[in-house]
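Right, one structure below, let's go through it.
Please treat every number below as a calculation from the coordinates, not as lab data. Keep in mind the model is a prediction, meaning the values are calculated, not measured. Counting neighbours? That spans all protein chains shown, and the Cβs are built from the backbone with ideal geometry, glycine included.
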Amino acid sequence: DGGITQSPKYLFRKEGQNVTLSCEQNLNHDAMYWYRQDPGQGLRLIYYSQIVNDFQKGDIAEGYSVSREKKESFPLTVTSAQKNPTAFYLCASSITLGSPLHFGNGTRLTVT
Amino acid sequence: GQQVMQIPQYQHVQEGEDFTTYCNSSTTLSNIQWYKQRPGGHPVFLIQLVKSGEVKKQKRLTFQFGEAKKNSSLHITATQTTDVGTYFCRVRDDYKLSFGAGTTVTVRA
């Protein structure tokens, strides 16, 4: 079955620690994205990538970093510089930039 | 710059009734996509509209793209408990792709 896998589903970290969220897709999609969702809020774009070895900042990139070394993988690192990291993080992919998104199940990150 | 508004923010519906939610943009759009997110879940793509005045139906859901390509509506007839969730629009103009804040739908049985 083709799809997007995010792991883990729940993640707990202490303040001051960096943490990396995994996102893998086997849909052969060129574009991949990271969104953040806070309770009762919409989706805010953190980073996106149109192609391997290239990525662009979204609306709320500060305190986050990404890499796109393989087409299938787009990991997100939440650094200690992110002031309010506790949130629901959603990874998505699409055939090309702007085409309909396929989302992973998300990772709920709690930082205390 | 582009601004996207979804109205209403919350919709409380009696089971069996109809309702409409709207997505309005300040700029002319290339296309618009609609997604549904069930409570505790992830957004799922529903439909994409591209042409001015386009109307598409999915069972009890009717999607429409405005003639000026600046707004869109989602109409649900005979609401069921399975319609519970948040409906998001994602819009694209010449410069940007953005999600609206969503309409959260609850259903009274």
Inset, instruction - Could you calculate the FRET efficiency of A:Glu62 with A:Phe12 from 1/(1 + (r/R0)^6), where r is the beta carbon distance between them and R0 is 22 Å, rounded to 0.05? - result: 0.45
Inset, instruction - Would you kindly state how much longer the chain becomes between B:Lys96 and B:Arg60 on full extension, computed as 0.36 nm times their sequence separation minus their alpha carbon distance, in nm to one decimal? - result: 9.9 nm
Legend entry - Span per principal axis, largest first, for the Cα atoms of the range A:1-108 (Å): 36, 26, 24
Inset, instruction - Could you give the spread of the C-alpha atoms of chain B along their three principal axes, from largest to smallest, in whole angstroms? - result: 42, 26, 20
Legend entry - Estimated FRET transfer efficiency (B:Glu15, A:Arg108; beta-carbon r; R0 25 Å; 0.05): 0.25
Inset, instruction - Would you work out the charge dipole size for the protein assembly as shown about its Cα centre, treating the Cβ of every Lys and Arg as +1 and the Cβ of every Asp and Glu as -1, and quote it to the nearest 20 debye? - result: 140
Inset, instruction - Grab the beta carbon distance between A:Asn28 and B:Val50, set R0 = 25 Å, and tell me the FRET efficiency rounded to 0.05. - result: 0.60
Inset, instruction - Quantify how strongly other chains surround peptide A:97-109 by giving the mean number of their Cβ atoms within 10 Å of each of its Cβ atoms. - result: 4
Legend entry - Spacing of the two label points (7 Å from each Cα toward its C-beta) at A:Lys70 and B:Thr77, in nm: 4.9
Legend entry - Paired Rg and Dmax values of the protein assembly as shown, which use every Cα atom, in angstrom: 17.7, 51
